[in-house]
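Every read-out reported here was derived from the displayed coordinates using simple, explicitly stated rules and does not represent laboratory data. Quick caveat, the model's predicted, so the values are computed rather than measured. When we count neighbours, we look across all protein chains shown, and the Cβ atoms used for this are built from the backbone with ideal geometry, even at glycine.
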Amino acid sequence: MKTVFKIENLDLFYGEFQALKNISLEIEKNQVTALIGPSGCGKSTFLRCLNRMNDLIESCKIMGDVAYHDENVYDRDYDVIGLRTKVGMVFQNPNPFPMSIYDNIAYGPRCQGIKDKKRLDEIVHTSLEKAALIDEVKDRLNDSAMGLSGGQQQRLCIARAIAMEPEVILMDEPTSALDPIATLKIEELMNDLKKDYTIVIVTHSMQQAARISDKTAFFLMGELIEVDSTDTIFTQPKNQKTEDYITGRFG
Amino acid sequence: MTNTRKHFSDELEELNNRVEAMGQEVLESYKRLVIACEDNDIDLAHHIMDHDKIVNGLEESINVDAYLLIAKQCPVASDLRQIISAVKISNDLERIADYSVNIAKYIIKTKNDNDQFVSRVVALTNLFIPMLKDIIKAFKSRDVEAALKVSEIDEKIDTTYKKYVKEFIKLARAKTDEEAEEAMRVILVLKQIERAGDHVTNIAENIVYMVNAKRLELD
């Protein structure tokens, strides 16, 4: 199994508050890794370290290694734009741009200098196809993306991430604003996407982590309590705290 | 409506396919048993014993996967019934396979030169084979009616078994100690097939439960 991210001894502070404590974790290629844990446990903070989304928070101080293909992304001269191209992100609330479905997808590639209409058409089509949205929108690509349903908007955001040809897609509670059917569609999609991409997902739903991930990491109060294959975590966790959390004894 | 849980559905189908495959493996053992008994083929009897490892392996894998599906997919309604049934049916099939191993051991240990013994064991096994075949088919096609029909064969097996037991008890009384012991052994062998039939009716009950959630108790 090829390692995409190797995180070692990661500490993160928001001012005086330590949000992550000595985290070491590996993210494997073409796998879905789920980060679970109660609110405030640090799972989203951890996810945001992977493409340096915490850079924007002034009081945030980071120590330790977040190696993406053996290079620490927190090195002084690391190419952050390049990193965010390779490591895309999908957020909790679908956030399509206020423009057409087509332009939403073409936005990133255009920013990268792709102008050829045929090439852009191809990217838009492939991305929507991979995001399992093409059949629902192929006849209205020029309509506003804001007219799509929540579930469709979220798949559009996934398509938008795919259009940049990333290697990794980070998902921060991507279905918590969606109804159960739209949620299941996104989950099915994740299962398909892992053939081509590496996915790291933060989820509040333990059942979701169980259903879709290959590997599960349980966070509690800034610590990584346990990480193992999802099969093991949900049938025979080694740590009592993990057992208590997944069986709903606390949280 | 599109299937929003295709991956889960595929895993369920795979689980069911494995139960069916397990049934076919057990069926093969019983077919071989007839040949081994008729020809007093010790090698084939050994093969039946070895073959049990495959059946046990299938049961183990069905149990593990069912356990994971329950833990990870939170199945409900017919999905849950299918998984529970897969576990129970594979358990019955494993027991049925164990009986074939016991009979194979008998073939290996005894001389099998008494035609009456051989013919009775073969006759009862030949009654059982179509029963097993029918239940595998009923499982595959989710056919409740066909599943329930196996109880007719089971009755026939029970009646025949009782008839044969009487015959051998008579033999045990009349002949030498050696032959009496042999007759007792045959009774025990016949009992294995009778028990195997009971497990097939258990499978029938589970098919009914799997399909329409009704709990039946077949005699």
**OP:** Rounded to the nearest 10 degrees, what's the angle between the helix B:6-39 long axis and the longest principal axis of chain B, both from Cα atoms, 0 to 90?
**Re:** 10
Original post:
How well do other chains shield peptide B:66-72, expressed as the mean number of their Cβ atoms within 10 Å of each residue Cβ?
Top reply: 4
**OP:** Could you work out how far helix A:150-162 tilts from the main Cα principal axis of chain A, as a 0 to 90 degree angle to the nearest 10?
**Re:** 90
Subject >> Dipole of chain B, positive end: most advanced residue of B:I187, B:V19, B:N3 [Cβ charges, Cα centre] >> reply: B:N3
**OP:** Please label the shape of region A:64-193 as rounded, prolate or oblate, based on the square roots a ≥ b ≥ c of the eigenvalues of the alpha-carbon gyration tensor (a/c under 1.5 means rounded; beyond that, a/b larger than b/c means prolate, else oblate).
**Re:** oblate
Subject >> Highest average packing first - A:161-169, B:45-53, Cβ atoms within 10 Å >> reply: A:161-169, B:45-53
**OP:** Compute log10 of I(q)/I(0) for the protein assembly as shown with the Debye formula, placing one identical point scatterer on every Cα and leaving out solvent, at q = 0.09, 0.13 Å⁻¹, to two decimals.
**Re:** -0.74, -1.10
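Return an integer: the convex hull volume of the alpha-carbon atoms of region B:3-212, in Å³ per residue.
Here the figure is 102 Å³ per residue.
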**OP:** Report the far tail of the P(r) of region A:139-234, meaning the percent of Cα-Cα pairs longer than 24 Å.
**Re:** 27
Original post:
Which length gain, in nm to one decimal place, applies between B:I42 and B:I54 when the Cα-Cα distance is subtracted from 0.36 nm times their residue separation?
Top reply: 2.4 nm
Original post:
Hey, got the dipole for the protein assembly as shown? About the Cα centre, +1 on K and R Cβ, -1 on D and E Cβ, debye to the nearest 20?
Top reply: 700
**OP:** Mind jotting down a quarter of the surface of the convex hull over the alpha carbons of region B:62-162, in square nanometres, one decimal?
**Re:** 8.1
Original post:
Which whole number gives the average count of other chain Cβ atoms within 10 Å of the Cβ atoms across peptide B:148-154?
Top reply: 0
Subject >> Compactness index (Cα Rg / 2.2 N^0.38 Å), region A:1-112 >> reply: 1.17
Original post:
Nearest 10 degrees, 0 to 90: what angle lies between the long axis of helix A:117-130 and the longest principal axis of chain A (Cα atoms)?
Top reply: 50
Subject >> Dipole of the protein assembly as shown [Lys/Arg +1, Asp/Glu -1 at C-beta], most positive-end residue of A:V202, A:G108, A:A177 >> reply: A:A177
Original post:
What average count of beta carbons from other chains do you get within 10 Å of the Cβ of residues in A:178-191?
Top reply: 2
Subject >> Reciprocal mean inverse distance between Cα atoms of chain A - Kirkwood radius, Å >> reply: 18.7
Subject >> chymotrypsin sites (Phe, Trp or Tyr not before Pro) lying in DSSP loop within region A:164-251, provided at most 14 other Cβ fall within 10 Å >> reply: A:F250
Original post:
Using a simple spin-label model with points 7 Å from Cα along the Cα→Cβ vector, what separation in nm is obtained for B:T4 and A:M1?
Top reply: 3.0
Subject >> Protection proxy ranking, peptides A:26-33, B:210-217, average beta carbon neighbours within 10 Å, highest first >> reply: A:26-33, B:210-217
Subject >> Cα-based reach from B:K53 at 24 Å (exclusive), listing lysines while leaving out same-chain residues under 8 positions away >> reply: B:K31, B:K88, B:K105, B:K109, B:K133, B:K137, B:K140, B:K191
